[in-house]
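Student: Got a structure here, written out as structure tokens. Questions coming.
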Amino acid sequence: MLHGYAGHVLRVDLTLREVRREKTDPHEVMKAIGGRGLNSWRLHEELRRDADPLSPENMLLIGVGPLTGTLLSTSAYMTISGKSPLTGILGDSAAGGHFGPELKAAGYDQVIITGRSAKPCYLLIADDCVEIREAQHLWGRDIYETSKALRQELRDNAFQVAAIGPAGENLVKFATVACNNSRVCGRTGMGCLFGSKNLKAVAVRGTGSLSFADPQEFPRLCEELDRRIMAHPEYAKRKDLGSTLLMTALNRLGILPTNHFQKGIADYVDEVSGEKLAEIYKVKNKSCFNCNIHCSRYYVTEDDESEGPEFETLCSYSSRIGNQDLRFALKMAAYLNRMGVDSLSSGETIGWAMECVQRGLLTREDLGGLDFAWGNQETIETIVRMIVRREGIGDAFAEGTRSLARRFGQGTEEYAFHVKGLDMICGDPRGLKAFGLTYAIASRGADHLRAEPFFELTERYEESEKRFGTRDAADRLSDHGKAVLVEFTERQALLTDCLTMCKNVGLSMDILDFDFASKLLKAGTGLDFTPERVDAALRGIIDADRRLNFSFGIDASQDTLPRRFTHEPLAEGASKGQVVPVQEMVREYYRLRGWDKDGRPPDSKPE
Amino acid sequence: MLVLDPSKCSGCRRCETQCSFYHTGKVGRSLARIKVVKMEESGIDFPVFCLLCKERHCMDCPQSAITVGLFGEIVVDPDLCIGCGACEELCPIGAIELHGEFPYVCDLCHGAPRCVEACTMGALAFTPGKADTVSLHGGEKGLVCEEKRVQYALLSCQALRAEWVSGRNQ
């Protein structure tokens with residue numbers, strides 16, 4: 001018997017309206033563990049490579065980790081995967097909260113959704129009872145309203161709901177899926193994928209329970225993890241501010257995206273910081289399932305109230321687009337969550353437009369008469385509303401920055417900050433070289449979470465020497481020793497994602513190592529996960545993702561960064577004079593990863 | 001009795017997981033005797049558990065299977081209980097609930113409640129010896145346990161909500 005795992009995979013065909021339960025296969029999970037790994041493996045095995053992302057053939061997967069919903073803290077995530085409507089390559093995005101554990105309690109490790117419903121529908125999962133239900137009455141409603149309405153009509157507030165808002169329905173390419181209202185799968189347009197299947201929501205309730213293979217060892221290991229977390233030097237700060245602590249931290253390092261990465265310092269950062277948010281608007285801590293950090297926050301402002309925001313949203317709607325008003329940023333954060341729009345991608349379209357106007361590449365007339373001056377609140381609100389409804393110029397914005405800039409041309413493409421179609425996160429890579437490499441090679445595009453090489457910020461030189469054979473890996477400004485760091489942390493990040501654990505714990509706090517994770521997996525599931533087997537699985541998945549992306553048209557030429565980050569040094573602050581020599585790093589990374597000079601994994605056959 | 005400060009609860013549900021694990025060796029909300037009500041639209045997180053109320057509504061058990069234990073906790077006799085669900089219906093706040101035809105209710109872990117230990121927010125406290133101080137009245141009829149818990153949580157958090165919202169225009 002499998003422990004830890006819930007034991008079943010659920011297959012749903014929305015075209016045929018068929019539902020099938022299969023047993024979770026121990027051989028499969030030894031190769032792919034769970035969560036993002038299992039999703040990737042499934043895509044690799046079953047997805048028709050030429051499927052249009054918005055077609056019924058595309059797959060929508062929800063994966064949850066093998067130890068999620070048990071005593072293991074900080075493992076509450078669920079990962080949604082599919083071929084991305086935004087980028088056309090591998091897409092996935094994870095969210096914490098309480099949905100993942102509920103899916104496990106209902107008996108499922110993974111949900112595989114294919115086809116397209118003729119009419120708006122939602123998927124009801126209540127233990128063994130799975131139904132595709134009519135959702136016409138929910139269509140057009142925002143995410144908060146949808147979750148509330150479903151819980152009311154199901155007469156059970158304990159249902160966990162993952163839903164899309166109007167943006168997903170209108171096939172905005174960077175639409176989100178959210179559970180617990182504000183726990184958002186933001187990246188790569190998984191909400192658009194829901195919308196393309198006419199799927200408004202998944203509502204899940206589980207009355208089951210999870211057991212462990214070793215009832216002595218597993219709780220002991222979980223206690224050990226809890227102790228490591230509580231004893232971490234950053235514990236108190238992370239508990240108070242969550243990821244919003246990065247506003248002032250990145251500003252100090254001179255890498256806080258300001259006016260669309262033209263600067264790395266916002267002199268008004270204290271007005272829009274996590275500290276300010278906590279002081280004025282935070283009313284209490286919020287938490288994912290079974291977490292002992294409680295890093296999320298509930299805030300109440302004059303305009304609205306909500307859980308959140310995380311750093312990426314706060315920065316995307318403050319310094320990145322020149323907005324100095326915290327209250328406005330919070331208002332936008334809540335609006336984006338309600339409508340189901342990704343803050344990073346929408347923020348990048350706005351930042352791009354503002355910079356293009358500043359440089360005289362675009363005029364007000366080009367942009368539907370809107371005044372894209374830095375921080376113009378009226379324009380920001382208006383364009384987001386137009387994106388949600390795909391109205392006027394909003395229709396072009398809703399396609400994402402890459403497509404938007406291609407449409408306008410005239411040199412505007414140079415200011416579209418994406419890799420492989422996915423918009424850059426809020427962290428200027430010129431002062432974070434290993435992050436720069438990560439954005440270039442990450443299998444879903446310009447993203448930090450694929451490797452989160454936070455280690456380069458730690459200045460732990462001795463540990464760096466020990467782990468990587470070079471002190472440079474712990475020096476964020478060094479151009480050297482970064483490929484070796486990223487090659488390692490990419491596996492560590494994938495391990496974290498396979499367990500659907502929190503990246504803060506897995507990487508930023510550097511608490512999850514391979515030996516410890518293997519022990520947890522073995523004691524939890526009863527399967528013979530050794531560090532070697534876990535590592536082999538992780539390497540296998542990274543290669544499989546790469547093959548998948550090659551078959552989607554990616555090649556080595558796209559493993560790069562926008563020109564600004566490779567050629568224009570930062571002008572001031574603690575990262576002054578820096579650029580990212582990305583090509584050298586990428587070549588070194590290929591070598592360490594065991595890929596050829598064209599970035600191909602071994603034994604890659606044409607697919 | 002257990003005492004809750006809802007202003008400190010982050011809704012992590014560690015109390016639930018530790019409760020179910022301690023009592024059953026497994027983890028699942030249905031096996032927990034403390035259940036956290038979460039209301040995202042108002043930010044409320046509220047663990048509901050037996051308050052050892054003055055009225056002891058559940059003791060109107062038709063089988064007389066329910067008694068009061070050493071710490072004032074509710075004790076269900078498995079030999080007498082037939083799983084009829086009367087106690088579940090009688091409790092006004094949804095603190096006693098059947099799972100697999102047996103009522104699950106807080107037993108204070110024989111004087112060392114695991115939920116208090118599990119709560120790293122300091123939202124839960126244990127006051128030994130204190131019982132029969134809270135008065136609960138029967139609420140709306142015909143509600144299932146989760147609905148009763150929600151109602152009770154909303155009612156109990158009115159002051160907290162008012163406090164949060166009053167900070168708005170300062």
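Student: Only one of B:Ser64, B:Ser135 is part of a loop (DSSP other than H, G, I, E, B), more than 14 Å from chain A (Cβ to nearest Cβ), of a type in the set (S, T, N, Q) and in contact with an Asp or Glu (Cβ under 8 Å, 6 or more places away or on another chain). Can you tell me which?
Tutor: Matching residue, one of B:Ser64, B:Ser135: B:Ser135.
Student: Please go through the range A:165-207 and pick out each residue that is of a type outside the set (S, T, N, Q), under 25 Å from A:His294 (Cα atoms) and over 15 Å from the mean Cα position of the chain (by Cα).
Tutor: A:Ala203, A:Val204, A:Arg205, A:Gly206
Student: Anything in the range B:1-38 that is assigned to a loop (DSSP other than H, G, I, E, B), at the interface with chain A (Cβ under 9 Å from one of its Cβ atoms) and under 20 Å from A:Gln160 (Cα atoms)? List them, or say none.
Tutor: Result: B:Cys9, B:Ser10, B:Gly11, B:Cys12, B:Arg13, B:Gly28.
Student: Could I ask something else about it? Which is at negative phi, basic (Lys, Arg), modelled with pLDDT of 95 or more and touching a Phe, Trp or Tyr at 6+ places or on another chain (Cβ under 8 Å), of A:Arg116, A:Arg133?
Tutor: So the residue among A:Arg116, A:Arg133 that is at negative phi, basic (Lys, Arg), modelled with pLDDT of 95 or more and touching a Phe, Trp or Tyr at 6+ places or on another chain (Cβ under 8 Å) is A:Arg133.
Student: Right, something else. Out of A:Ala333, A:Ala329, report the one residue that is touching a Phe, Trp or Tyr at 6+ places or on another chain (Cβ under 8 Å) and within 14 Å of A:Thr176 (Cα to Cα).
Tutor: Sole residue among the options that is touching a Phe, Trp or Tyr at 6+ places or on another chain (Cβ under 8 Å) and within 14 Å of A:Thr176 (Cα to Cα): A:Ala333.
Student: Just to check your reading of the model, which residue among A:Leu67, A:Leu16 is touching a helix residue (DSSP H, G or I) at 6+ places or on another chain (Cβ under 9 Å) and outside the structural domain of A:Arg444 (by TED's automatic domain parsing)?
Tutor: A:Leu67
Student: Same structure, new question: I'd like the full set of residues that are more than 7 Å from chain B (Cβ to nearest Cβ) and not hydroxyl-bearing (Ser, Thr, Tyr), limited to the range A:289-304.
Tutor: Scanning the range A:289-304 gives A:Ile293, A:Cys295, A:Arg297, A:Asp303, A:Asp304.
Student: So A:Arg389 clears everything in (1) of a type outside the set (Ser, Thr, Tyr); (2) in contact with a Leu (Cβ under 9 Å, 6 or more places away or on another chain); (3) surrounded by 15 or more Cβ atoms within 10 Å (Cβ to Cβ) except one condition, right? Which one?
Tutor: The number of the failed condition is (2).
Student: Tell me whether the range B:45-56 contains one or more residues that are within 11 Å of chain A (Cβ to nearest Cβ), assigned to a loop (DSSP other than H, G, I, E, B) and either surrounded by fewer than 19 Cβ atoms within 10 Å (Cβ to Cβ) or of a type in the set (D, E, K, R) (or both).
Tutor: The answer is no, given that none of the residues of the range B:45-56 is within 11 Å of chain A (Cβ to nearest Cβ), assigned to a loop (DSSP other than H, G, I, E, B) and either surrounded by fewer than 19 Cβ atoms within 10 Å (Cβ to Cβ) or of a type in the set (D, E, K, R) (or both).
Student: Whether any residue in the range A:36-51 is farther than 19 Å from A:Met190 by Cβ, touching a Cys at 6+ places or on another chain (Cβ under 9 Å) and in a loop (DSSP other than H, G, I, E, B) is what I want to check.
Tutor: Checked the range A:36-51: no residue is farther than 19 Å from A:Met190 by Cβ, touching a Cys at 6+ places or on another chain (Cβ under 9 Å) and in a loop (DSSP other than H, G, I, E, B).
Student: Given A:Glu102, A:Glu57, A:Glu28, A:Glu22, which one is closer than 28 Å to A:Asn504 by Cα, at pLDDT 95 or above and touching a Lys or Arg at 6+ places or on another chain (Cβ under 7 Å)?
Tutor: A:Glu102 is the lone residue from the list that is closer than 28 Å to A:Asn504 by Cα, at pLDDT 95 or above and touching a Lys or Arg at 6+ places or on another chain (Cβ under 7 Å).
Student: Look through A:Phe372, A:Phe417 and report the one residue that is aromatic (Phe, Trp, Tyr) and without any contact (Cβ under 8 Å) to a residue 40 or more places away in the chain.
Tutor: Being aromatic (Phe, Trp, Tyr) and without any contact (Cβ under 8 Å) to a residue 40 or more places away in the chain holds for just one of A:Phe372, A:Phe417, which is A:Phe372.
Student: In the list A:Leu103, A:Leu124, which residue meets the criterion of being over 16 Å from the mean Cα position of the chain (by Cα), in contact (Cβ under 8 Å) with a residue 40 or more places away in the chain and assigned to a strand (DSSP E or B)?
Tutor: A:Leu124
Student: Next question. Could you grab me the full set of residues in the range A:428-464 that are surrounded by fewer than 24 Cβ atoms within 10 Å (Cβ to Cβ) and on the phi > 0 side of the Ramachandran plot?
Tutor: Matches in the range A:428-464: A:Glu452, A:Glu459.
Student: Being in a loop (DSSP other than H, G, I, E, B), on the phi < 0 side of the Ramachandran plot and surrounded by 23 or more Cβ atoms within 10 Å (Cβ to Cβ) is true for just one of A:Leu61, A:Leu54, A:Leu67. Which residue is that?
Tutor: Being in a loop (DSSP other than H, G, I, E, B), on the phi < 0 side of the Ramachandran plot and surrounded by 23 or more Cβ atoms within 10 Å (Cβ to Cβ) holds for just one of A:Leu61, A:Leu54, A:Leu67, which is A:Leu67.
Student: Follow-up. Has the range A:342-359 got any residue that is more than 20 Å from A:Arg406 (Cα to Cα) and either crowded, with 24+ Cβ neighbours inside 10 Å or in contact with a Lys or Arg (Cβ under 9 Å, 6 or more places away or on another chain) (or both)?
Tutor: The answer is yes, given that some residue of the range A:342-359 is more than 20 Å from A:Arg406 (Cα to Cα) and either crowded, with 24+ Cβ neighbours inside 10 Å or in contact with a Lys or Arg (Cβ under 9 Å, 6 or more places away or on another chain) (or both).
Student: Name the pairs whose Cβ atoms lie under 6 Å apart, with the first residue in the range A:305-329 and within 14 Å of chain B (Cβ to nearest Cβ), the second surrounded by fewer than 24 Cβ atoms within 10 Å (Cβ to Cβ) and among the polar types (S, T, N, Q), and 6 or more positions between them or separate chains?
Tutor: Final answer for the pair search is A:Arg327/A:Thr301.
Student: Would you confirm whether or not the range A:465-487 contains a residue that is surrounded by fewer than 19 Cβ atoms within 10 Å (Cβ to Cβ), hydrophobic (A, V, I, L, M, F, W, C) and either on the phi < 0 side of the Ramachandran plot or without any contact (Cβ under 8 Å) to a residue 60 or more places away in the chain (or both)?
Tutor: yes
Student: Test A:Ser306 against the criterion of being crowded, with 23+ Cβ neighbours inside 10 Å and assigned to a helix (DSSP H, G or I), and give yes or no.
Tutor: The answer is no for A:Ser306.
The values are calculated or read from the model by the stated rules, or taken from the named source; none is laboratory data. Values in this document were obtained by computation on a predicted structure and should not be read as measured data. Cβ atoms come from the backbone with ideal geometry, glycine included; neighbour counts cover every protein chain shown.
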